[in-house]
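Colleague: Have a look at the structure that comes next, please.
The values are calculated or read from the model by the stated rules, or taken from the named source; none is laboratory data. Since this is a predicted model, take the numbers as computed values, not measurements. Cβ placement follows ideal geometry from the backbone for every residue including glycine, while neighbour counts extend to all protein chains displayed. Note: areas computed on protein heavy atoms with side chains; ligands, DNA, RNA excluded. Shrake-Rupley method; radii C 1.70, N 1.55, O 1.52, S 1.80 Å.
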Amino acid sequence: MADDPYPGSGDFNALDPTDQRAVAELVVRGKAVKGTVDDLLMRLKRTRCVALLRETGTNRIVAAAAWKTPAATYRRKSFAAATVPIMGFEAAPELGYVVIASEMRGRHLSGGLVDAIVAQITEPTFATTSSNTMRNNLQRSGFTRVGGDWEGKDGVLSLWTISPG
């Protein structure tokens with residue numbers, strides 16, 4: 001089928017500028033982050049890696065996820081909101097920005113993105129989500145739900161952690 005996606009992952013900075021902008025636009029359009037595409041481009045340049053799905057035939061990026069470095073204040077607030085000690089995760093990266101283009105949703109693609117990021121994880125990492133689909137993906141991929149849930153801007157959030165090795 002022409003729109004069957006195929007995976008790829010690696011360094012965001014190794015993508016050409018058109019693909020970098022496409023990832024940022026997808027993440028903003030998917031409401032995985034507040035802000036502008038230009039603001040997000042600067043944040044994406046600090047990611048450790050990205051996982052992408054491209055549409056066969058067009059090479060268009062239709063899904064993305066990132067292993068990113070969040071602000072220290074965001075990390076502390078997430079652990080505090082879940083009433084979990086941050087010990088061991090003080091500088092932890094986060095799995096996030098998991099987005100699927102609207103016309104590709106419902107095809108069970110997010111799990112592959114999560115798996116691609118988890119394959120790269122080499123240190124304690126966390127994730128937060130209000131999505132049942134993401135909760136299932138995180139659990140299946142080896143993350144553990146910790147602490148209590150809390151009310152976020154877009155729903156009830158939960159905190160997930162993974163420590164490789």
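Colleague: Considering only residues that are without any contact (Cβ under 8 Å) to a residue 12 or more places away in the chain, closer than 14 Å to Gly147 by Cβ and open to solvent by 50 Å² or more (accessible area, probe 1.4 Å), which ones fall in the range 59-94?
Modeller: Arg76, Lys77, Ala80, Pro85, Met87
Colleague: Further question on the same structure: Looking at the range 122-132, which of its residues are more than 20 Å from Glu90 (Cβ to Cβ) and loosely packed, with under 15 Cβ neighbours inside 10 Å?
Modeller: Selection gives Asn132 alone.
Colleague: Here's a follow-up. Within the range 38-60, is even one residue within 16 Å of the chain's Cα centre (by Cα), of a type in the set (Asp, Glu) and more than 19 Å from Asn13 (Cα to Cα)?
Modeller: no
Colleague: Any chance you could count how many residues in the range 118-133 are out of contact with any Pro (no Cβ under 6 Å at 6 or more places or on another chain), within 25 Å of Arg107 (Cβ to Cβ) and part of a loop (DSSP other than H, G, I, E, B)?
Modeller: Number of matching residues: 4.
Colleague: Here is a further query. Can Tyr97 be described as crowded, with 17+ Cβ neighbours inside 10 Å and not small (Gly, Ala, Ser)?
Modeller: yes
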